[in-house]
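Data first, discussion second: the structure below is written as structure tokens.
The values are calculated or read from the model by the stated rules, or taken from the named source; none is laboratory data. It should be emphasised that the depicted structure is a prediction, and the values quoted were computed from it without experimental measurement. Cβ sites come from the backbone with ideal geometry, for glycine too, and all protein chains shown count toward neighbours. Surface areas here come from the heavy atoms of the whole protein model, side chains and all, with no ligands, DNA or RNA. Shrake-Rupley method; radii C 1.70, N 1.55, O 1.52, S 1.80 Å.
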Amino acid sequence: MSLAFQALGFAAVRLTGAVLLGLLIGWPLGHLFAGVALVVAAYLVWQLIDLFRMDWWVQHRSFADPPDIGGAWGNVITQLVRLHRRKRFHKQRFIQLLRQIQRSTAALPDGVVILNGESEIVWFNRMAALLLNLRRPADLGLRVDNLVRQPEFVRYLSGGQYANPAVIRYGTGEALYLSLQIVPYGEGQRLLLVRDVSRQMRLEAMRKDFVANASHELRSPLTVISGYLETLSQDPAFESDLRHPLAEMRRQAERMTAIIRDLLELSRLEATDSEAQGEPIDVGALLQTLRQDVLTRPDRPREVRVRVDSDGYLIGNESEIHSAFFNLVDNAAKYTPAEGSIEMRWWVDADGGHFTVEDTGLGIQPEHIPRLTERFYRVDPGRSRSTGGSGLGLAIVRHVLQRHGAALDIQSTPGTGSVFGCHFPPSRVGRPAAAPEVRAVSR
Ligand code: ADP
């Protein structure tokens, strides 16, 4: 039998006892009903006293011992004591866990800031306070972009693209570079992870400087060597059995010159983080120039077409855009056999300006595509070297496009051909044509 039924039985026995006692008292006095009423009333008063004792204990249970009451009230008290103990046990475990989490996040070498759906600061650890100069409790509840006002971060926070962190220069004293990464979780809540990346940024800057300086220093001696090699190769008195090694030396010197030229170009692009300045570029004219360049190649594909479907011009840095488009067209020419074809296209639509180079060349296996824009990444190093490739062309393209807010898109089918597309945002397009029409098709 459950405790509740036991208590009910106990209460029923007590009540019956009280009624019998009332009858016993009322019988000799000749007032049965009054006797019963008196005893039942006394019983009720007793119950009420127990109820008040219990109520007092419930209100002061944190320090008072439970009253010693039997029956149903006693059961209620036992249940309450159990519940109270269980609650205290869970509360203590929860507090311990919370302390451990707080201690471990405080000891983290990275800053952690909890943001709510409105980007207001809910909590931050010691490292976040140190790195972002946050004060507790003054900054709790404030919007994080009111405290960290760097435009890169404000754009990153509102952009909703959190796959990569934003790197900002912070503080006024010695340059401090912070990597800020948003990690969304729960309903609209976000973690902001703050990391000091000043050391990596300094090393990266040193690496870039080193590459730029080394390339610069190598350029002059290489120019001299190339010059002498050219003079020697034109000298009729030069021994004929040395002509082949000399030609090879000239080829290698040309390759080194191309690598150094591309390294310097890459260093120059990397040195400027800002967006490229805007000047109107006549893409149609640029594509015609590129076409003429390809046509002068001895091993060029049979057909080189230019299709300009818009007179809208591109707004950007002309020499950078020329370099990027040249690299794409040069690759298409290099990796397409003589019987193949290349088509360059420019058009403008609501999404912006688009330049594509389509070839019917070798194509690229899908696993290589994500890595093509890495420096010195080549699908077939032997072929790339034999065609005079530096392995830096697509890295240059990526940097130029980044500086123009554009995206590179690569579609390729091995054995069939490739399409390299550069997609510029509408802000980079001037005077978009109302109705696109084919303005020029050259063969
Ligand atoms: P490279 O100077 O070697 O051409 P890039 O950075 O320009 O270096 O290109 C990287 C690699 O991508 C090349 O080595 C080549 O294997 C591949 N690639 C680039 N463009 C094409 C293309 N149009 N068709 C086939 N493969 C290409």
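So what are the radius of gyration and Dmax for the Cα set of the range 279-430, in Å?
14.5, 42
Ignoring ligands, DNA and RNA, what accessible area per residue does the chain give at 1.4 Å, in Å²?
Value for the chain: 60 Å² per residue.
Work out how much length Q402 to V211 would gain on full extension: take 0.36 nm times their residue separation and subtract the Cα-Cα distance, in nm to one decimal.
Difference between extended and current length: 66.7 nm.
I'd like the per residue volume of the convex hull spanned by the Cα atoms of the range 2-102, given in cubic angstrom.
91
Considering only protein heavy atoms and a probe of 1.4 Å, how much of the accessible area of the range 2-102 is carbon and sulfur, as a whole percent?
70
Just want to confirm a number: the relative contact order over the range 1-117, from Cα pairs under 8 angstrom separated by 6+ residues, in percent.
Over the range 1-117, the number comes to 19 percent.
Which whole-number percent is the relative contact order of the chain (Cα, under 8 Å, 6+ apart)?
Details: 645 pairs, mean separation 44.8, N = 443.
Dividing the mean separation by the residue count of the chain yields 10 percent.
Could you work out which residue, out of D309, D241, D110, moves most in a Gaussian network model of the chain, that is, has the largest mean-square fluctuation with Cα springs under 10 Å?
Residue with maximal mean-square fluctuation among D309, D241, D110: D241.
Between A175 and R251, what is the label-point separation in nm under the 7 Å Cα-to-beta-carbon projection?
About 4.3 nm separates the two model spin labels.
From Cα coordinates alone, what are the radius of gyration and Dmax values for the range 360-410 in angstrom?
11.6, 33
In whole angstrom, note down how far apart the Cα centers of the range 64-120 and the range 404-418 are.
Measuring centre to centre over Cα atoms gives 58 Å.
Roughly how compact is the range 201-270, stated as its Cα Rg over 2.2 N^0.38 Å to two decimals?
Normalised Cα radius of gyration, the range 201-270: 1.45.
Most mobile of F89, F325, F153 per a Gaussian network model of the chain (Cα springs, under 10 Å)?
Its mean-square fluctuation being the largest, the pick is F89.
For E230 and T387 in one chain, what is 0.36 nm times their gap in residues minus the Cα-Cα distance, to one decimal in nm?
Difference between extended and current length: 54.5 nm.
Hey, with R₀ at 30 Å, roughly what FRET efficiency would N133 and Q161 work out to, going by the Cβ-Cβ distance, to 0.05?
It comes out at approximately 0.70.
Counting only protein heavy atoms and using a 1.4 Å probe, what share of the accessible area of the range 109-196 belongs to carbon plus sulfur, as a whole percent? It would help to have the intermediate numbers written out before the result.
On the way: 2580 of 4950 Å².
That fraction is 52 percent.
Between the helical axis of 32-59 and the dominant principal axis of the chain, each derived from Cα atoms, what acute angle in degrees is found, rounded to the nearest 10?
30
Stretched out fully, how many nm does the piece from Q292 to L193 gain, at 0.36 nm a residue minus the Cα gap?
30.5 nm
Go ahead and set up a Gaussian network model of the chain, Cα springs under 10 Å, then flag whichever of G71, G278, G316 fluctuates most.
G71
Would you mind pulling out the separation of the Cα centroids of the range 264-300 and the range 1-57, in Å?
Using only Cα atoms to place each centre, the spacing works out to 103 Å.
In terms of the Cα gyration tensor, with a ≥ b ≥ c the square roots of its eigenvalues, is the range 236-349 rounded because a/c is under 1.5, prolate because a/b exceeds b/c, or oblate?
Since a/c reaches 1.5 but b/c is at least a/b, the shape of the range 236-349 is classed as oblate.
At what distance in nm do the modelled label points of E239 and E367 sit from each other, each positioned 7 Å from its Cα along Cα→Cβ?
If labels sit at E239 and E367, their model points lie 4.8 nm apart.
Please check the chain for the longest run free of GluC sites (Glu not before Pro) that are loop-located per DSSP (anything but H, G, I, E, B) and have at most 16 other Cβ atoms within 10 Å.
Numbers: sites that count: E118, E174, E187, E239, E275, E339, E374, E437.
Excluding the exposed sites themselves, the longest stretch runs over 1-117.
At what distance in nm do the modelled label points of V122 and V45 sit from each other, each positioned 7 Å from its Cα along Cα→Cβ?
About 5.7 nm separates the two model spin labels.
For an R0 of 22 angstrom, estimate the FRET efficiency from the Cβ-Cβ distance between A37 and L8 and round to the nearest 0.05.
Between A37 and L8 the formula returns 0.40.
Using only the Cα atoms, work out Rg/Rh for the chain, with Rh taken as the Kirkwood radius, to two decimals.
1.38
Output the 0 to 90 degree angle, nearest 10, between the alpha-carbon long axis of helix 3-29 and the longest principal axis computed from the alpha carbons of the chain.
In the chain, helix 3-29 runs at an angle near 20 degrees to the longest axis.
How long are the semi-axes of the equivalent ellipsoid of the range 109-196, defined as square roots of 5 times the Cα gyration tensor eigenvalues? Whole Å, largest first.
Taking √(5λ) for each eigenvalue gives 18, 16, 12 Å, largest first.
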